[in-house]
1. From zero up to wherever the largest Cα-Cα distance of segment B:171-330 sits, split into 10 Å bins and tell me the percent of pairs in each.
2. Among the listed pairs A:Lys60/B:Lys256; A:Lys60/B:Lys250; B:Lys169/B:Lys296, give every one whose C-alpha distance is greater than 23 Å.
3. Considering every residue in B:98-108, what mean count of other chain Cβ atoms within 10 Å of its Cβ is obtained?
4. May I ask you to evaluate 6.51 cos²θ - 1.76 cosθ + 1.60, the Karplus curve with θ = phi - 60°, for each residue of segment A:41-57 and list the ³J(HN,Hα) values in order in whole Hz, giving x for glycine and proline?
5. Can you tell me the orientation of helix A:158-188 relative to chain A, as the angle in degrees between its alpha-carbon axis and the longest Cα principal axis, to the nearest 10?
6. Given the peptides B:60-67, A:6-13, A:159-166, arrange them by the average over their residues of other C-beta atoms within 10 Å, most packed first.
7. Residues of B:82-94, mean number of Cβ from any other protein chain within 10 Å of their own Cβ, rounded to a whole number?
8. Expressed in nm², what is the orientationally averaged projection area of the convex hull enclosing the Cα positions of segment A:8-138?
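Quick note: the coordinates plus some simple rules give every number you see, no bench work behind them. As the structure is a prediction and not an experimental result, all values here were calculated from the model. All Cβ positions, glycine included, derive from the backbone under ideal geometry; neighbour counts span all protein chains shown.
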Amino acid sequence: MVWNIARQQLLTLRRSGTFIAILATMLLMTALAGFIGWMSHHTIIKVYDETVRLLTAQGKPIPANPFDSKPELALLSNLAIYVPLIGAILATIVGHIAMMEDRASGAARLLFSRPISRSRYVIGKFLGTTIALAGVLAASAVLSTLSLVIVNRNVPAAGEVGRLAVFFGISLVYMLVFALVGMAFAITSRNRSFAIVAALGVWLVLTFVVPQVTSGLRPTTSLNPITDPVSTSQSFFQVTAHARPISVSEQYKRVSASVLQTEPAESPSRSALRVVPILALALLLALGVGGLVARHDYSRGLQ
Amino acid sequence: MIGSTNSRIVVTLARHEYRAAARNRVLAALVLVLVAITTVSVLIGAIDYHSQVADYQRYVAAARSSGVTQTAPLPLQVLSLLRGAFEYLEIIGAIIAIVLGYMSIARERTSNTLMLLQTRPITSMQRALGSALGALAIIATLLLVTGAIAVLCLGVIGGDWLAPPELLKLTLALLATIPYMGAFYCLGVVLTAHARSLSNGLMAALVIWLAVVLIIPQVGDTMDPDNQVPGGLFQSLGVDKPTELKVLAKFTTYEKVRNDLEEASLAKHYERFTFGMTDVKDKYRGFTLTHLLHEKRNDIAWLAAYMLVLGAALHRSYQRQPALPRGGTP
């Protein structure tokens with residue numbers, strides 16, 4: 001039964017135009033991430049060479065090349081932005097469709113007229129959602145590896161493949177958080193559009209508002225994989241910075257930067273600690289969604 | 001006589017649109033979120049400003065007590081504290097406008113007022129104008145509230161009340177938000193009117209929002225060489241401004257591609273205009289208003305063009321709306 005519910009959900013997603021459109025955007029941007037990374041890197045090296053030429057002519061000291069020690073995976077730094085941006089919205093839509101389609105079509109009402117337990121139903125939904133998101137990320141991983149091979153003109157080493165696998169694993173947990181948010185609003189709301197907008201509101205708060213309060217990151221700054229260090233000397237940030245460990249989008253970006261080596265490395269235990277709040281939030285939301293499904297009155301229609 | 005009847009119908013429809021939108025809970029929730037986070041953003045900026053001004057005053061006092069008569073001017077511009085607020089208007093304001101457009105069509109379809117309206121001598125142009133005016137009035141109200149909160153926060157917490165020229169620049173920046181949000185409102189109407197299922201129309205509009213507001217500017221931003229190193233590439237190389245300009249002169253093609261990409265996004269034009277008006281960009285500080293508007297004419301033209309094209313599409317959607325509603329799946 002669990003597997004049947006998961007399969008039916010995957011079928012519904014395959015038929016959803018919106019899911020396909022966001023999936024196509026996500027895959028396109030993944031493919032472009034390598035290219036954009038390479039183009040920017042290539043241009044900056046030329047900018048550096050030109051700067052060195054000018055400074056030499058002026059008799060000034062030559063600074064070190066800031067890109068000398070950039071690892072090969074750094075080309076994919078934009079991926080750490082596309083996952084919280086496109087991936088999280090895609091996950092929200094997946095979660096929304098998972099719960100809302102059954103309510104809107106009346107399939108849930110029919111389903112629960114049979115001796116089917118709510119726990120199996122919700123586990124089936126979680127399974128379907130996880131498979132769908134894992135499929136999306138697996139396709140992104142293949143595209144990323146291909147762009148690395150094309151741009152760097154060599155096959156990534158085993159260590160780099162491992163790092164990519166860890167990055168996509170963490171991304172899956174991160175996306176599951178938003179899928180669960182989409183599910184929660186799809187169960188509780190009587191209006192389909194309200195459910196989408198409310199879930200999107202949560203995404204906006206977690207992605208843009210919380211990082212601004214805890215770290216002073218403005219919304220557009222949050223879109224750049226390289227962010228300027230923010231001053232925490234102000235008394236306001238000295239207080240709010242205490243909440244930074246639970247700012248999931250910041251923790252996701254920081255751990256991704258560490259795994260993809262786009263920022264100075266940190267110890268594995270510290271990186272693991274950054275994943276804890278994301279995992280904890282996913283677990284809490286999963287329990288919450290389970291509880292909501294168990295109590296929900298599926299005989300109630302939508303507005 | 002015909003003209004007055006015409007405008008009376010448009011005003012009646014606009015009033016209906018305004019009242020219905022103001023009563024909507026989804027919209028009210030979104031507006032509250034926007035106002036709340038804009039306030040938080042301005043508050044954070046104002047607290048920062050207040051402490052930096054206090055530091056500056058201490059520096060001036062110390063300099064004077066040691067006999068220094070000439071001190072550096074305050075390096076801060078109070079209007080630039082509104083950067084975060086305008087970024088939120090750019091991101092969330094666009095979503096609110098899309099939802100407004102979606103609601104406009106959803107209301108007609110689900111309450112069957114469309115059929116009733118079509119039995120009356122009301123043209124599609126009047127309906128399009130009426131609903132657009134009502135939506136623009138909602139947007140203007142929202143901007144008025146946001147602007148008032150921003151001015152109050154800067155004055156009360158930042159300790160710096162805006163002077164008339166600064167108020168004028170802020171008003172112009174807020175006025176530019178009307179065509180920006182208006183374009184997204186039209187997008188919401190057009191896509192929802194064309195979609196068989198209402199929520200599909202909303203989701204399609206949100207996909208376009210994602211591309212126009214977040215993805216295209218993000219790609220352009222990450223292609224900027226100066227954004228590749230924390231603190232800026234040229235600063236990390238210890239290069240002065242004249243040398244930086246000399247270096248960049250060799251990369252005009254790359255910069256043109258990057259700029260063209262950003263120009264494709266309505267959001268980037270809005271951002272450039274509002275950042276210019278609110279002194280976010282150093283290079284525009286000290287410009288007269290006429291000079292500033294002249295510099296920003298390209299962004300003004302793009303904002304107007306987007307609004308006109310999407311406005312025409314909105315009219316076409318009303319013209320082509322079927323007499324019988326197509327289901328109106330929520």
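1. 9, 28, 31, 18, 9, 4, 1
2. The answer is A:Lys60/B:Lys256.
3. Details: counts 1, 5, 0, 0, 3, 1, 0, 0, 3, 0, 0.
Per-residue shielding by partner chains comes out at 1.
4. Per-residue couplings from phi come out as 4, 4, 5, 5, 4, 5, 4, 4, 4, 5, 4, 4, 4, 5, 5, 4, 4 Hz.
5. Helix A:158-188 and the main axis of chain A meet at about 40 degrees.
6. Final packing ranking: A:6-13, A:159-166, B:60-67.
7. Mean inter-chain Cβ contacts per residue within 10 Å come to 3.
8. Here the figure is 10.4 nm², rounded to one decimal.
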